[in-house]
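Contents: one structure, followed by commentary.
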Amino acid sequence: MGYAGTLHAAQGITIGNSTTAGVCWTILSDRASRAMAYVGMTRGRDENHLAIYPAVINEAHQHHPGDDAGIYQIDRGTKHAAAHALRTILTGNDDRVRTMHTVAARTERKFLSAMVAALLERNDQRRGDRAQAWRRHSAQTRAREAALERITVTRQQTAQRQRSRAANGMDSNSSSVKTPMSQQHRFVDSWLITGAGRPYLVS
C-alpha cells in the first residue's frame, strides 16, 4: 500500500520504521527548487527515488497516441537528460524569496503605477547619491594612502643617506687617527734606540 502527498505536507515526516521499509518516490517538475528537492529526497528512511518531468504548457507536446485510441504514452527521457534536469534544479533554479520591492525594481516603469514609479525613481536617486559619495570617499582614501607611502619612502631614503654619511665619516676619522699612532711608535723606537731620557723624533 502506498500513499501520495504534497511536499509541503510531507515536511517533517519520515517514511518507514524498524519494521517497515521506508521507500519514497518524489515527482518534481524541472522548474522545482532545490529546497523542494531536498524535502522530497530526505523523507524515506531506506530508499529515496526521484522522477523529474518537463513542465510544458500543452501535454500533447510530450505525449503521442498509443495503440489504443485516446490513451497517451509519455516519452521517457535518458539518464543524461535526468542528470541535467537534476543539476538544473540544484544549481540553476533560484528559490530565494523575492520581495515586492525586488519585483517592482525589475519591472519596466511603464507597467507600474505613478506612485510606485515615483518611489522607485527616488530610490534610484538615493542609491546614485550614495554611490557617488562612496566613490569620493574611496578616492580620498587612495590619495591618503599614496601620500603616506611617499612619506615613508622619503624617510627611508633620508635614513639611508644619513647612515651612508655616518659610515663615510667613521672611515675618515679612522684614517686620521692612524698618523699619530705611527708617530708615537716612531717616538718609542727612537727612545729605545738612543736611550735618551726624553724621546724625540729623529728624521
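The values are calculated or read from the model by the stated rules, or taken from the named source; none is laboratory data. On a predicted model such as this, the values are computed, not experimentally measured, just so you know. Quick reminder, even Gly has a Cβ in these numbers, built from the backbone with ideal geometry, and neighbours come from all protein chains shown.
Would you say residue 108 is exposed (fewer than 10 other Cβ atoms within 10 Å of the Cβ) and at pLDDT below 95? Show your work before the answer.
Working: exposed (fewer than 10 other Cβ atoms within 10 Å of the Cβ): yes; at pLDDT below 95: yes.
Answer is yes for this residue.
The requirement of being over 38 Å from the mean Cα position of the chain (by Cα), part of a helix (DSSP H, G or I) and either modelled with pLDDT under 95 or hydrophobic (A, V, I, L, M, F, W, C) (or both) is satisfied by residue 191. Please determine whether any residue of region 146-165 is closer than 30 Å to residue 100 by Cα and either touching a strand residue (DSSP E or B) at 6+ places or on another chain (Cβ under 9 Å) or at pLDDT 90 or above (or both). Checked region 146-165: no residue is closer than 30 Å to residue 100 by Cα and either touching a strand residue (DSSP E or B) at 6+ places or on another chain (Cβ under 9 Å) or at pLDDT 90 or above (or both).
The residues of region 38-55 that are assigned to a loop (DSSP other than H, G, I, E, B) and at pLDDT 85 or above, listed by number, are 41, 42, 43, 45, 46. Every residue in region 1-37 that is outside any loop (DSSP other than H, G, I, E, B) and among the β-branched types (Val, Ile, Thr), please. Result: 15, 23, 26, 27.
The condition of being outside the structural domain of residue 37 (by TED's automatic domain parsing) and under 30 Å from residue 31 (Cα atoms) holds for only one of 104, 118, 114, 131, that being 104. Taken as a whole, the structure leaves residue 19 outside the set of residues that are under 40 Å from the mean Cα position of the chain (by Cα), among the hydroxyl-bearing types (Ser, Thr, Tyr) and exposed (fewer than 15 other Cβ atoms within 10 Å of the Cβ). Determine, yes or no, whether residue 68 is at pLDDT below 85 and either in a helix (DSSP H, G or I) or loosely packed, with under 11 Cβ neighbours inside 10 Å (or both). Judged against the criteria, residue 68 is a match.
Residues of region 10-47 that are without any contact (Cβ under 8 Å) to a residue 24 or more places away in the chain and in contact with a Leu (Cβ under 7 Å, 6 or more places away or on another chain): 41 alone.
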